[in-house]
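The values are calculated or read from the model by the stated rules, or taken from the named source; none is laboratory data. No experiment lies behind these values; they were computed from the predicted model shown. Using ideal geometry, Cβ is built from the backbone for each residue, glycine included, and neighbour counts are taken over all protein chains shown.
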Amino acid sequence: MNRPAPKTFQIKSFGCQMNVYDGDRMAELLEAEGLEAAGEGAADLVVLNTCHIREKAADKVYSEIGRLKRDDGSRPMIAVAGCVAQAEGAEIPRRAPSVDIVVGPQAYHRLPELIGRSLQGLKAVDTDMPIQSKFGALPGRRRQGPSAFLTVQEGCDKFCTYCVVPYTRGAEMSRPWAAVMEEARALIDAGAKEIVLLGQNVNAWESEDAAGRRQGLDGLVRALDRLPGLERIRYTTSHPNDMKEGLIRAHAEVGKLMPYLHLPVQSGSDRVLKAMNRSHSAGSYRALIERVRAARPDIAISGDFIVGFPGESEAEFEATLKIVGTVNYAQAYSFKYSPDPGPQPPAWKTRCRRR
């Protein structure tokens, strides 16, 4: 059955801050194609920008698909984007035939093309992870509130045993210095006073600056600090393995860098951490926190914890409680272990393990 091209859209994002950023970029992309944003129940196209970090988050997507059916039996064009799209691909329209488009988080710049394919009755599933960055295909930033997300790094090479991110977001990739600085300036020009740098392992970001010098995240923070009009800088999420001395010093020396650090530990048990394929121990994590607090005594620390990891004993759970008390977190995100079969490893996984 033929249907008219959508004129309005709604994007519903679930999960992490990076999904919020991706949702904003998809909105800008669709607006550049002439579509207008619409409210609940009024959109011709609904994009579900999904999260796959936990099993229930994936199940929620299918519930949302069912809710999109209108009282008169009609439905909007439905696109499933994000990490569930990447993980399940063509299985989504088989399980939910009302879905018209499936697009992964590295391919959403092709969303207008996929809409066209769907209108022609063709297969509209794209879960490729192209070598060329999607960011160059996205329109410039235009409207912005006082706080703005800015993705500078994507993907992960750590392969924690509980995590699907390497399979849904791909290998670690840092956006080039010039592209990040250009987008930051555009966000400031559009009204942003605070920029939050995003990445699965944001403190692994590195690139060459305009003078050809290799820079880590601390160098980027210092460059952003010099931009007129910007008042606050934040970044998330960090990995303990990539928390280098330069970034620690930046917390003491850069006035615009806010005294906050999200640094997940996951467990206080060394055996459980090893089973999780985490590269730190409880002791090395505590030592790292001490170094950060020595540089910035008033810093607020937040962390992530998984409870009930397979094989965790009562004593190992108590070890986690001990590290909570030792670090004295300002905020914590705690999750019970969620079994998830996950997608098959991509071809690049073996290459990343050898690096």
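Things to note:
- Segments classed as strands (runs of 3 or more DSSP E), wholly inside segment 99-214, with at least 1 members that are within 30 Å of GLY229 (Cβ to Cβ): 147-151, 194-198, 206-208
- Test result for ARG278, more than 17 Å from LEU197 (Cβ to Cβ), touching a Cys at 6+ places or on another chain (Cβ under 8 Å) and of a type outside the set (S, T, N, Q): yes
- Listed conditions (1) out of contact with any Leu (no Cβ under 8 Å at 6 or more places or on another chain); (2) not in a loop (DSSP other than H, G, I, E, B) are all met by ILE233, apart from (1).
- Test result for GLY155, buried (at least 22 other Cβ atoms within 10 Å of the Cβ) and at positive phi: yes
- Qualifying residue in segment 182-200 (condition: surrounded by fewer than 19 Cβ atoms within 10 Å (Cβ to Cβ) and among the aliphatic types (A, V, I, L, M)): yes
- Restricting attention to segment 17-63, the residues that are in a loop (DSSP other than H, G, I, E, B), over 29 Å from GLY136 (Cα atoms) and aliphatic (A, V, I, L, M) add up to 1.
- Of the listed requirements (1) crowded, with 19+ Cβ neighbours inside 10 Å; (2) on the phi > 0 side of the Ramachandran plot, VAL221 misses just one: (2).
- Residue among CYS83, CYS16 that is in contact with a His (Cβ under 6 Å, 6 or more places away or on another chain) and either not assigned by TED's automatic domain parsing to the domain that holds ILE115 or not aromatic (Phe, Trp, Tyr) (or both): CYS83
A quick yes/no check of all residues on (1) under 20 Å from the mean Cα position of the chain (by Cα); (2) within 20 Å of CYS16 (Cα to Cα); (3) modelled with pLDDT under 95; (4) not assigned by TED's automatic domain parsing to the domain that holds TYR108:
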{"position": "GLY155", "(1), (2), (3), (4)": "yes, yes, yes, yes"}
{"position": "TRP177", "(1), (2), (3), (4)": "yes, no, no, yes"}
{"position": "MET181", "(1), (2), (3), (4)": "yes, no, no, yes"}
{"position": "ASN201", "(1), (2), (3), (4)": "yes, yes, no, yes"}
{"position": "ALA211", "(1), (2), (3), (4)": "no, no, no, yes"}
{"position": "VAL221", "(1), (2), (3), (4)": "yes, no, no, yes"}
{"position": "ARG232", "(1), (2), (3), (4)": "no, no, no, yes"}
{"position": "THR236", "(1), (2), (3), (4)": "yes, yes, no, yes"}
